[in-house]
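The structure appears below as structure tokens.
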């Protein structure tokens with residue numbers, strides 16, 4: 001009895017990959033147009049999501065202690081419909097986009113959305 005080289009899931013993935021490869025070879029203009037439309041739709045969706053987050057941040061105070069900030073982050077994560085983020089992940093995202101920063105001299109978090 002020989003062992004299979006690939007399982008069913010891998011074989012299905014190869015089949016799908018070959019299909020898309022063939023489509024790109026035969027219809028490159030159509031595939032590029034579809035890719036562009038999908039990219040624009042994803043950008044609109046991400047922009048709308050970011051705007052909702054900014055609107056939620058506007059209701060937060062301008063200056064917060066670390067305890068207050070953590071409580072607000074936890075509340076924001078628990079209120080989200082998908083519950084897709086952890087509080088620390090949301091904090092990193094806000095810092096990355098410079099929506100909220102930490103002032104080490106005053107030991108407070110500053111909300112820049114107001």
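The values are calculated or read from the model by the stated rules, or taken from the named source; none is laboratory data. Here the structure is a predicted model, which is why all the values come from computation and not from measurement. FYI the Cβ positions are ideal-geometry reconstructions off the backbone, even for glycines, and counts take in every protein chain you see.
Scan the range 5-14 and give yes if some residue there is loosely packed, with under 10 Cβ neighbours inside 10 Å, not assigned by TED's automatic domain parsing to the domain that holds residue 104 and not in a loop (DSSP other than H, G, I, E, B), otherwise no. Scanning the range 5-14, I find at least one residue that is loosely packed, with under 10 Cβ neighbours inside 10 Å, not assigned by TED's automatic domain parsing to the domain that holds residue 104 and not in a loop (DSSP other than H, G, I, E, B), so the answer is yes.
Filtering the range 31-63 to residues that are farther than 20 Å from residue 77 by Cβ and either outside any helix (DSSP H, G or I) or in the same structural domain as residue 114 (by TED's automatic domain parsing) (or both) leaves 62, 63. Can you pull out every residue in the range 86-105 that is surrounded by 10 or more Cβ atoms within 10 Å (Cβ to Cβ), modelled with pLDDT of 90 or more and assigned to a loop (DSSP other than H, G, I, E, B)? Answer for the range 86-105, where residues must be surrounded by 10 or more Cβ atoms within 10 Å (Cβ to Cβ), modelled with pLDDT of 90 or more and assigned to a loop (DSSP other than H, G, I, E, B): 97, 99.
Among 83, 78, which is the only one that is at pLDDT below 90, within 20 Å of the chain's Cα centre (by Cα), assigned to a helix (DSSP H, G or I) and surrounded by fewer than 10 Cβ atoms within 10 Å (Cβ to Cβ)? None of the other options fit; the residue is 78.
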